[in-house]
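Working notes for the structure below.
The values are calculated or read from the model by the stated rules, or taken from the named source; none is laboratory data. Note that the structure is predicted; figures quoted are calculated from it, not measured. Here Cβ is always computed from backbone atoms with ideal geometry, including for glycine, and neighbour counts include all displayed protein chains. The protein model used for the area step is the full one, side chains on, heavy atoms only, and it has no ligands, DNA or RNA in it. Shrake-Rupley method; radii C 1.70, N 1.55, O 1.52, S 1.80 Å.
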Amino acid sequence: MHRGGKLEVRSTVPVRDAGDLSLAYTPGVARVCTAIAEQPELVNEYTWVSNVVAVVSDGTAVLGLGDIGPAAAMPVMEGKALLFKEFGGVDAVPVCLDCTDVDGLVETVVRLAPSFGGINLEDISAPRCFEVEDRLRELLDIPVFHDDQHGTAIVVLAALQNAARLTGRTLGDLRAVVAGAGASGVAVTNILVNAGIGDIAVSDSKGMIYQGREGLNPVKQVLAARTNRAGRTGSTEEALTGADVFIGLSGSTLAESAVESMARDAIVFALSNPTPEIHPEVARRHATVVATGRSDFPNQINNVLAFPGVFRGALDVRASAITENMKVAAARALADVVGGDLSPDYVIPSPFDARVAPAVTAAVAAQAHEDGVARK
């Protein structure tokens, strides 16, 4: 499948004779260039810019492979671009950069930005990824979206909303423990806090994150201030006693006894790939709902459920940014696709459900108008 790459560029207009050539290229193209020079916003009407996204990576946090560099990251970025097109009808170009410092990444993307309608950051290691995204959002007037953070967060929120509904609860009734304070762990925690989860605490490789713990970087300091109201210390497994939800985003392992110690109707999202923190069949002995990141078990938490529709909706209305409300709207739309078919093995739809991308697209576009970031 991968030999020769997974992408190609195809023309959308014919070049059958000299007349077509003179229109597609010189001299006819000069009229379009002149018009855009006089009215820069016309680039969105007369070029592909308004429908093309750059998939940008430095290769420092590729899937479960880690820092393998920009060349080795290219098959993943090609795959991401393929998914943009197949699931959202969005053209995407993989851009793997041979630099890892924040200033270099930001400057390069800013210089490339006029060629694109949106920037999808991918597989950039934490904590650099947070600063890269924040700075690009400030500098650019097009959507900037780190999918490892926000795509995962949107899908987790949707699945957790449905899992709570299945068990007769709301998000506000739940106490959750998140294992992992990397890009996805931080974003998942933030979106759940913003959505009104009852309580949530996060752990890293040194144990629970809490205010006053020594050695926290700035990102974790902010996390400590927003989470863990009970001030839990110790290990992830200790914090799970009596908890309603476990969300694994760390690549660690979780003992069966820890799931057994959770509250009744426990919810376990063991999302590390390719090996979940605990085998789903083991988790199901004690939990009502179990989700993983894998396609061979029910309830797959897959970013492809979110990012194609999110960008499609943002591009359709020429949004200047992707707001927090747009992410929550995407999660709500995704959860609603499940509807009355909700069951322990179906709290999130399949990536191949044809209803998903249109539902997310419509919700994101509508919310962009409500938030005042739509320009069309």
Choice from ARG294, ARG284, ARG111 with maximal GNM fluctuation in the chain (Cα, 10 Å cutoff): ARG111
Student exercise, the chain dipole from Lys, Arg, Asp, Glu Cβ charges, in Debye to nearest 20: 500
Computed over region 302-376: relative contact order in percent, which uses C-alpha pairs under 8 Å that are six or more apart: 52
Extended-chain gain in nm, criterion 0.36 nm per residue less alpha-carbon gap, TYR25 and GLU86: 19.1 nm
Cα-based shape type of region 160-314, given that a ≥ b ≥ c are square roots of the gyration tensor eigenvalues and the cut on a/c is 1.5: rounded
Probe 1.4 Å, protein heavy atoms only - accessible area per residue of region 8-70 in square angstrom: 68
Anisotropy class of region 109-247 from Cα gyration tensor, a/c 1.5 cut: oblate
Angle in degrees between helix 128-139 and the longest Cα principal axis of the chain, rounded to the nearest 10: 40
Listed residues GLU237, GLU41, GLU86, most fluctuating in the chain (Gaussian network, C-alpha, under 10 Å): GLU41
Considering only the chain, percent of DSSP beta bridges that pair antiparallel, nearest 5: 10
Label corresponding to Cα Rg over 2.2 N^0.38 Å when calculated from the structure given, among (1) 1.04; (2) 0.96; (3) 1.74: (1)
Charge-dipole axis of region 67-163 as Lys and Arg at +1 and Asp and Glu at -1 on Cβ define it, positive-most pick from GLY88, PHE116, LEU140: GLY88
Per residue accessible area in Å² of region 225-313, where ligands, DNA and RNA are left out and the probe is 1.4 Å: 40
Helix axis angle, 356-371 relative to the chain longest principal axis, alpha carbon, degrees: 80
Mean separation of Cα contacts under 8 Å, 6 or more apart, over the residue count of the chain: relative contact order %: 14
In the chain, lysine pairs closer than 23 Å at Cα, eight or more apart or cross-chain: 8
Of SER22, THR34, VAL55, farthest towards positive along the dipole that unit charges on Lys, Arg, Asp, Glu beta carbons give region 7-78: SER22
Share of carbon and sulfur in the accessible heavy-atom surface of the chain [1.4 Å probe, %]: 52
